[in-house]
Amino acid sequence: MPDLHFLFPLAAILLWAGNVMVSKLSANTIDPTAITFWRLVLAVALMTLFVFKPAWRNRAAIWPQLPKLAFLGFLAMALFQCLSYEAAKTTTATNMAILTSLVPLLTMLLSVALLRAVPTVGMLCGGVLSFGGLVYLISSGNPVALLAGGVHAGDLLLLLATLVYALYGILVRRWHVGLPSWQSTYLQAIAALVFMLFLELRLPVHAAIPNRASLPLIVYAGTLASVVLPFFWMQGIKHLGPNQCSMFMNLLPVATAAIAVGWFGEHLHVYHLLGGGASVLGVLLAQTLRRPLFTDTAHTAMQKSAGR
């Protein structure tokens, strides 16, 4: 039998691309706060069925980690999601996927600053190439226009969301909460749900309650995107490792663009291909060119200088 473990991260990426479509459909259907809250309600309810008992038995190990888990949940499941849904109002699904695919690169760059990771040639070359591609993309192929008219608010919001998720990845690596993946995800979701409850209660009733059009979106986001997708991704990491799985992030813009063209009738322009292609290529370079940028002596000197 051939090794079919690659289907796990591939399925996760396809579900993620579908979730980008859900974000676009929700833009004119339901408030960003409301869809974030209700998807968490559904996700927590489903995870409770198979996570609550083992989490309760493990409560002695969980209790000291609650503050960290709460902050992680706020970042990834509340702030990131709200920013993404808000961004969907003023940017395209294709742009959303390209910007989201920068998460691995931004995580690497932040790790240099926050974890004192060794900078690599790939980080430098990939960072420069991705930044150039990003500028070309969000300026619709006319970088000079950024100086005159600025950029779409949705692109800036999604870039901020991507930075938030990259910070989340750094903190997960730095804090080492030491819990099983499902228990960590479950407790983060509960913390995010509590936070979102306060925001949900501030909405007017007509905005807080789902309607017929938004219910299918909530179901997809709360089940496939919040429970099934993490399951596939965790299985991919288990069998292939995190580095190999992260490569599949480069497929997100391709899958999303294909769905967006067929579903929303979005048009692929040259600036999508050039700018988006350069951004994704930059991420790929950062993931594959692992040669240190500095010699050991130079890196040690740089660390000592940063510590002063």
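The values are calculated or read from the model by the stated rules, or taken from the named source; none is laboratory data. Note that this is a predicted model, so its numbers are computed, not measured. Cβ coordinates were reconstructed from backbone atoms using ideal geometry, including for glycine residues, and neighbour counts include every protein chain displayed.
Scanning the range 138-183 for residues that are modelled with pLDDT under 85, part of a helix (DSSP H, G or I) and of a type in the set (Val, Ile, Thr) yields 138, 144. Scanning the range 211-241 for residues that are farther than 15 Å from residue 15 by Cα, out of contact with any Cys (no Cβ under 7 Å at 6 or more places or on another chain) and either surrounded by fewer than 18 Cβ atoms within 10 Å (Cβ to Cβ) or modelled with pLDDT under 90 (or both) yields a count of 8.
Every residue, every condition in (1) surrounded by 22 or more Cβ atoms within 10 Å (Cβ to Cβ); (2) out of contact with any Gly (no Cβ under 9 Å at 6 or more places or on another chain); (3) modelled with pLDDT under 95; (4) small (Gly, Ala, Ser), yes or no:
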| site | (1), (2), (3), (4) |
| --- | --- |
| 7 | no, no, yes, no |
| 29 | no, yes, yes, no |
| 53 | no, yes, no, no |
| 69 | yes, yes, no, no |
| 102 | yes, no, yes, no |
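None of 117, 113, 70, 60 is more than 24 Å from residue 277 (Cα to Cα), more than 12 Å from the chain's Cα centre (by Cα), hydrophobic (A, V, I, L, M, F, W, C) and part of a loop (DSSP other than H, G, I, E, B) except 117.
Let's see how each residue does on (1) closer than 30 Å to residue 117 by Cα; (2) of a type outside the set (A, V, I, L, M):
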{"position": "172", "(1), (2)": "yes, no"}
{"position": "179", "(1), (2)": "yes, no"}
{"position": "192", "(1), (2)": "yes, no"}
{"position": "197", "(1), (2)": "no, no"}
{"position": "204", "(1), (2)": "no, yes"}
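Against the test of being in a helix (DSSP H, G or I), modelled with pLDDT under 90, under 14 Å from the mean Cα position of the chain (by Cα) and not hydrophobic (A, V, I, L, M, F, W, C), the options 107, 94 yield a single qualifying residue, 107.
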